[in-house]
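**Q** Structure below; questions to follow.
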Amino acid sequence: MDCAIEKLPLTGKHTAYLKTDLHDDFLKRLISRLHSLSKPWVIAFEDMKSLQDFGSLDSPQDLCLFPPFDLLPFEQVEGSIPTLKNRMKTLYRLGSFERFNGGILTTIPTLLQKIVDPRLLVTSSLTFKKGGYITGDGRPRYDRESVIQHLTESGYRRVYTVENLGEFSARGFILDFFSLLDDFPTRIEFFDDEVSDVRFFDPQTQLSLPRGVDSTEGCQRQEGERLIPPFRETFFKEENLECFRNRIADLKKRYPNSLFLGTLEQKPDRFPTLGGMLLPTQRALVNLLPKDTVFFYVRLSQALERFRAYEKELFDIYPQAEYKEIYLKYLRVSESALLSRENVTVLTESRGPSLGLGDQAALFADYTVSSDGLAPVKRKSQTSAFLEYPSQIIASSEDLEKGDLIVHEDFGIGRYQGNEVISNYAGTREYLKIEYADQVNIFVPVENLDRVHQYIGDETLVGLTRLKGNGWIRTRNKVREDIEEKVEELIQLYAIRKATTKPPVFGDFELESKFAASFPYVETKPQARSIEDVYHDLAREYPMDRLIFGDAGSGKTEIAMRAAFRMALNGKQTAMLVPTTILSKQHYETFSERFSAYGAKVILINRFVTEKERKLALSMIADGSADVIIGTHSLLSSRIKYKDLGLLIIDEEQKFGVAQKEKIKKKKTEVDVLTLSATPIPRTLYMGFSGVKEMSVVDTLPPGRLPVEVLVAPWEERIVKTAILRELSRGGQVIYVHNRVEDISESLDQVRALVPEANVGLAHGQMKKSIFEQTIREFYEGQIDILVCTTIIESGVDIPNANTLVIDDAQRYGLSQLYQLRGRVGRSDRRAYAYFLYPKLGRLLPESRSRLDAIQTFSGAGSGLQLALRDMEIRGIGNLLGFEQHGNINTVGLHLYREMLDAALVKRGLKEEKKTKEEPEETIRVEIKGFPLNCVLTDLYIASQIERMKIYRKIALSRTSADIEAVELELVDRFGPLEPNARELLLYSRIRILADALGIKSIESLKRSRNVRLAFIDRLALERFEWGSLRGFSNVEGLEVWLFEIDPRHIAQLFEDNVSRRGL
C-alpha cells in the first residue's frame, strides 16, 4: 500500500481506481506524503458525512478544514460556530501575505461555492496593540465611533454584555469583542483614541483573565499585534450595500411580486449564505488556490450525483424562479471547474459511472489497498478552549420587566412598575416602584434589593397585597405555622437515613485519575463541582441522597460513572435504574467501554435479555462478580439478591413511581442514592430546593455545544422537507417522532415520499426484539438517515450525529416529554434544530399553547430548571413532598416559601445552615439620612438597566468591605474608571455594612452642618465604639453618639478602624 501511495503522481490529471474501500488509513498515509510537499494540496470528499467519518487529524498548523455552510441557502438562521470558525481560519490562512503551502480538507460541493476573496478579508481587518492606535483599511488611526461602525459593518452584533462569539460592546472607554479567531473575548481600554490596555476576559463572570492567557488560534501576527477580524464572510459597507441594492433592483424588474426579494432587501444580514450578493466580485475555492495546487477528489461521480439530487430537492422547496437565479448566479460555479485545474487525481473504489464532465482524466493504474488489521481510532471533535454558552439564570430578579409580579418579604406580592431616581433627605438614590392593591405604590431603595424576588407560582391564584392592616403578616405566619406542623412528615424517611450509619467510601487517587482521563471531553465547571459533591457525600458515614439536575446532554452520566467506579474500587455493587430498554442498552455499552480496562464487570437486565442470560446475571449479582448492574424496572424484581449493594443510580426519576423507588431503597437502608434528572417532578424539585435532598445543578453545556434552534408551527410538507434536507446535506441524521403505533406506518410512507433518496428506518416498542435492536444499531452507526419512531427514544439516547428533530402532534405531549425529546439533539458542536409541529387545521387548547410557548422560550443552557418551574405554573404546583401545599406556595411565592422551609429544617436540626452570596446572613437595616450623596449608577456609566440591577443586587448582598472592594474591581474592569456617583454609592454601601457590624442602626447628618448623630442598637455596642481624637459626645440614655465636623469619607474610615480593632 505504501508503494502505491508513493507512486501516485502529483502532477497532471489522473483517476486512481482502488480495488478495496478507501480506508481512513489509506488517506492518512496519503496526507503524510502530501505534508512533505512545498505546495498547497486539497482532499475533497464526496459530502460532509464522508469528511466527518474520516475524523480530525494531527498537525493543525499544516491542515485546514473548510466545511460548507451547515444551512440551506435561503434560510434566516446563523450557522454553527465550529463551522464559522473553521471557515474563517482557513480563509485567513489563504489570505495571509505569506504563500500558503498547507493542506485543506473539504467537500466537492464546497469547492464549487463562491466565497469572499481571502485577501480582501485580511485587508478588511483592523490591527492594534497596547500603546498604539487601532489601524486598518489604509487609515492610520480609528476613533471609537469608527471602530463601532467597522464592527457593525463586519457582521458583529452590538450588545451590552459580550457573552457569545460575534458580539461587541462599547461602554465609555471600554470596548469588548469576541472574534472567531480567539478562544476568549477581548477587552480593549482606551485613553482617548490610544489603546492603553488589552486583556482577555471570562464571558461568564465578565472579569478579566490573568495576564499571559493565550487565546489566539487564527493566523500569524507580528509581535504584540492583534486583530479585529470580520465576523462574517461579507461586509455591510456602504459601497457593498450599493452594489447589493443595484442587484436587487435588477431582480425586482424581472420578479416584481416576489415577497422574498422584499425581505432580502430590507434585512440582508439575516441571510448569512447570501452575503456574496454584497460583494462586487466572488470566486469559488477551486479557482482561488494557486496554480500548482494538488487536488484529490474522493468518489467524484458519486459526489456530483448527490449534489445534483440535493439541488433538485432544494428547488422543490424553493420553486420560484428568483431563487434559482440567485443560486446559480451568486452562489456556485460550473462543475467543469473541478477538472479545469492542472493537478487532479480522482480516487474511487471501482470503475463506476463516467464523471459526467466530458471525462478528461488520464487513467491511472489499479491499486489494491488492504487493511493492516488496525482499526483507526476516530478522535473526538476538538473545540476551542472556551465555548461554554451562558446558562439561563433561574428566575433572575435582575431580569424583571415592567408588569411582573414580585414578592417583597416585608410588604407582600406587588407588581413591578420600573425604576425611578428620587432625591430627598436621604440623598439621591434609585428606587424600585412597586404597585400594591388599591393602586398604592411604594418605592424600595436598590440597596434593599435582596428583599425583593420575582414571584414564582400560579399567578392566577393570587392578587396584589393590601398594605392596610396586617394581612401579609397573617399570611406569612399561617404558612410558617403550617410548615412547622407538617415538616416532620416530610423528612421522616430522610431523618432515618441520616441516622443510619454506613461505612464511608473513599477513592484511589491514581486509578480514579486514570479513569477520569479516559473521559474524552473536558469537564465543565458545574460537572466537576458535582463530581466533588458526590465524592464528599460518599465519604460520609450516613447514606447519600443527591439529585443531579442538568440539561439533556450536560454530562450527568459521567458523574454517575465516577460514583460507580469509586464503589467498584471499594468492592461494592452499583445498580442503575433507567426508564427504557434502549437507554439501558446504551448505558450498558458506555459503562462497559470505560470499566472493562479496570477488570470491572458490567451486566444488563431488561426485557430483551434471554432467560439464560438473565439466570447468569442473577447468579453474578448474588456472588458479587457483577460490579455494575444496569436495567429497567426489572431491577425491582424480588428475584434479584445483591451481595453488597452500595449505590443506587436512578436515571430520569420522573419516569418511575414513588412506590417503585422507595421499594428498592428500603431493601438496603444504608444504600447511597444518586438521582439524575433533566426535568424532575415537583416533589423531587422542591426537596432539592429546600435541602432535604442534596442537589447539584449542572447548568452549563459541554464546550462547543450550541443551544437548540426551536420552531413551533403547524405541520407543513415544506417545513418538514426543509428540515430534513438541511440535515442530510451536512452529513447528519434526523429523528422523526410520531407517538401512535397504530398509524406510524403512514408517517413512515410520508417521510419516504418527501425524501426518496434517504434511507428511512422505523422503531417502536411493539416491534420484534431483533428488528428493533438492528434498526437502532443501524441508526447509531449512521446507516439510517432518518429514524421514524415513537417516544421510545425519549430518555437519554445519545446520537451526536442526529441534530434535527421533528415531532408531529406536539400538542399531545407534556412539557417534560417535549423537553426530553428536544434533548435527543444538540449533543455535538453543530447547530441543532427541533421542530414541534401541530395539525394545521386543529385548535390548540390554552395549556397546549402554553407548553409549546415554554419549550420555544427556554432553549439555552440551564433551561431545564426553568421549564420545570414553568410546568408547575401551567399544571399547578401540586402536591409538595407528600402533603398539599399548593395554596401556601402560591400565596407567598417560591422564594419566600423556600426560606421559611429552610428555617424550619434548620430549627429542627435537619439541615445545615448555609450562607451563600445569594442568601445573605441577615438583611442590613441601617438607615442613613441627610448626606448629599448621589447613590445612583447613571445610564451614561452603565446603559443597561439589567446590568445596573445586577450590580445593585451584588451590592445589596455584600456583607463585608471585601465584598464592596470586589464590586469596585468589577466595575472598573467592565465599565472603566468609576464615575463620581458610583464612588458615592460604594461609599454609602460600605458605611452601612460597617455600621451594621458595629451595632449602629441609623446615621443622620444634621442639615446645614457636618454634625452626625449615630444611634446604636444597645448600650454594649455604644460603649465599645471609639472615636479617638474626633470632637463629639455620647448620650448613653438615648443610645446615641454625636460627632462634629466629619464627612462621609472620614465616617467610613472611623468605622473601618473600629471593625479592625475588634477583629470583626
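**Q** Identify all residues within the stretch 299-344 that are assigned to a helix (DSSP H, G or I) and of a type in the set (Lys, Arg); write none if there are none.
**A** If the condition is that a residue be assigned to a helix (DSSP H, G or I) and of a type in the set (Lys, Arg), then Arg306, Arg308, Lys312, Lys324, Lys329 are the ones that fit.
**Q** Hey, another quick one. Across the stretch 738-766, what is the total count of residues that are more than 22 Å from Arg777 (Cβ to Cβ) and out of contact with any helix residue (DSSP H, G or I) (no Cβ under 6 Å at 6 or more places or on another chain)?
**A** 8
**Q** What about Leu251, is it more than 30 Å from Val755 (Cα to Cα) and of a type in the set (A, V, I, L, M, F, W, C)?
**A** Here the answer is yes, as Leu251 does meet what is asked.
**Q** In this structure, does Arg822 turn out to be of a type outside the set (A, V, I, L, M) and either surrounded by fewer than 21 Cβ atoms within 10 Å (Cβ to Cβ) or closer than 20 Å to Ala753 by Cα (or both)?
**A** no
**Q** Report, by residue number, each residue of the stretch 578-636 that is at pLDDT 85 or above, over 18 Å from Gln774 (Cα atoms) and among the small types (Gly, Ala, Ser).
**A** Scanning the stretch 578-636 gives Ser592, Ser596, Ala597, Gly599, Ala600, Ala617, Ser619, Ala622, Gly624, Ser625, Ala626, Gly631.
Conditions tested, residue by residue: (1) crowded, with 20+ Cβ neighbours inside 10 Å; (2) free of Cβ contacts under 8 Å to residues at least 24 places away in the same chain; (3) outside the structural domain of Arg87 (by TED's automatic domain parsing); (4) part of a loop (DSSP other than H, G, I, E, B).
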| residue | (1), (2), (3), (4) |
| --- | --- |
| Lys130 | no, no, yes, yes |
| Glu145 | no, yes, yes, no |
| Ser169 | yes, yes, yes, no |
| Ser179 | yes, no, yes, yes |
| Ile188 | yes, no, yes, no |
| Asp197 | no, no, yes, no |
| Pro210 | no, yes, yes, yes |
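Condition check ((1) in the same structural domain as Gln454 (by TED's automatic domain parsing); (2) touching a helix residue (DSSP H, G or I) at 6+ places or on another chain (Cβ under 8 Å); (3) under 30 Å from Met544 (Cα atoms); (4) modelled with pLDDT of 85 or more) across all residues:
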site: Glu899; (1), (2), (3), (4): yes, no, yes, no
site: Lys917; (1), (2), (3), (4): no, yes, yes, no
site: Leu937; (1), (2), (3), (4): no, yes, no, yes
site: Ile946; (1), (2), (3), (4): no, yes, no, no
site: Ile951; (1), (2), (3), (4): no, yes, no, yes
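**Q** In the list Ile640, Ile605, which residue meets the criterion of being surrounded by 14 or more Cβ atoms within 10 Å (Cβ to Cβ) and closer than 22 Å to Asp545 by Cβ?
**A** The match here is Ile640.
**Q** Looking at (1) over 15 Å from Asp551 (Cα atoms); (2) modelled with pLDDT under 75; (3) part of a loop (DSSP other than H, G, I, E, B), which one does Arg830 not meet, given that it meets all the others?
**A** (2)
**Q** In the stretch 281-298, what residues are surrounded by fewer than 16 Cβ atoms within 10 Å (Cβ to Cβ) and either free of Cβ contacts under 8 Å to residues at least 40 places away in the same chain or small (Gly, Ala, Ser) (or both)?
**A** none
**Q** Here is a further query. Quick one: which of Val806, Val788 is in a strand (DSSP E or B) and out of contact with any Ser or Thr (no Cβ under 8 Å at 6 or more places or on another chain)?
**A** Val806
**Q** Let me confirm something: among Ile531, Ile496, which residue is at pLDDT below 85 and assigned to a helix (DSSP H, G or I)?
**A** Ile496
**Q** Also, I was wondering about something else. Mind checking which strands (runs of 3 or more DSSP E) fall wholly inside the stretch 577-658 and carry at least 1 residues that are in contact with a Pro (Cβ under 9 Å, 6 or more places away or on another chain)?
**A** The qualifying strands (runs of 3 or more DSSP E) are 645-651.
**Q** Sticking with this structure for a sec: In this structure, is Leu748 assigned to a helix (DSSP H, G or I), in contact (Cβ under 8 Å) with a residue 12 or more places away in the chain and under 22 Å from Ala834 (Cβ atoms)?
**A** It is true that Leu748 is assigned to a helix (DSSP H, G or I), in contact (Cβ under 8 Å) with a residue 12 or more places away in the chain and under 22 Å from Ala834 (Cβ atoms).
**Q** Still on this model: Quick one: Glu1004 ticks every box in (1) within 28 Å of Ile1046 (Cα to Cα); (2) touching a helix residue (DSSP H, G or I) at 6+ places or on another chain (Cβ under 8 Å) bar one, so which box is it?
**A** Glu1004 satisfies all of (1) within 28 Å of Ile1046 (Cα to Cα); (2) touching a helix residue (DSSP H, G or I) at 6+ places or on another chain (Cβ under 8 Å) except (2).
**Q** Does any residue of the stretch 16-24 turn out to be modelled with pLDDT of 65 or more and either in a loop (DSSP other than H, G, I, E, B) or surrounded by 18 or more Cβ atoms within 10 Å (Cβ to Cβ) (or both)?
**A** Yes, that holds for at least one residue.
**Q** Same structure, new question: Might you let me know whether the stretch 119-127 holds any residue that is in a loop (DSSP other than H, G, I, E, B) and of a type outside the set (Gly, Ala, Ser)?
**A** Looking through the stretch 119-127, none of the residues is in a loop (DSSP other than H, G, I, E, B) and of a type outside the set (Gly, Ala, Ser).
**Q** Let me ask another. Taking the condition of being in contact (Cβ under 8 Å) with a residue 60 or more places away in the chain and either hydroxyl-bearing (Ser, Thr, Tyr) or outside the structural domain of Gln733 (by TED's automatic domain parsing) (or both), how many residues in the stretch 830-848 meet it?
**A** Residues meeting the conditions: 3.
**Q** Which one is modelled with the lowest pLDDT, of the residues in the stretch 546-576 that are under 23 Å from Gln820 (Cβ atoms) and part of a strand (DSSP E or B)?
**A** Gly550
**Q** Considering (1) surrounded by 18 or more Cβ atoms within 10 Å (Cβ to Cβ); (2) at pLDDT below 85; (3) assigned by TED's automatic domain parsing to the domain that holds Lys28, say which one Leu278 fails and leave the rest.
**A** It is condition (3) that Leu278 fails.
The values are calculated or read from the model by the stated rules, or taken from the named source; none is laboratory data. A quick note: this is a predicted structure, and the numbers were derived from the prediction, not measured. Cβ sites come from the backbone with ideal geometry, for glycine too, and all protein chains shown count toward neighbours.
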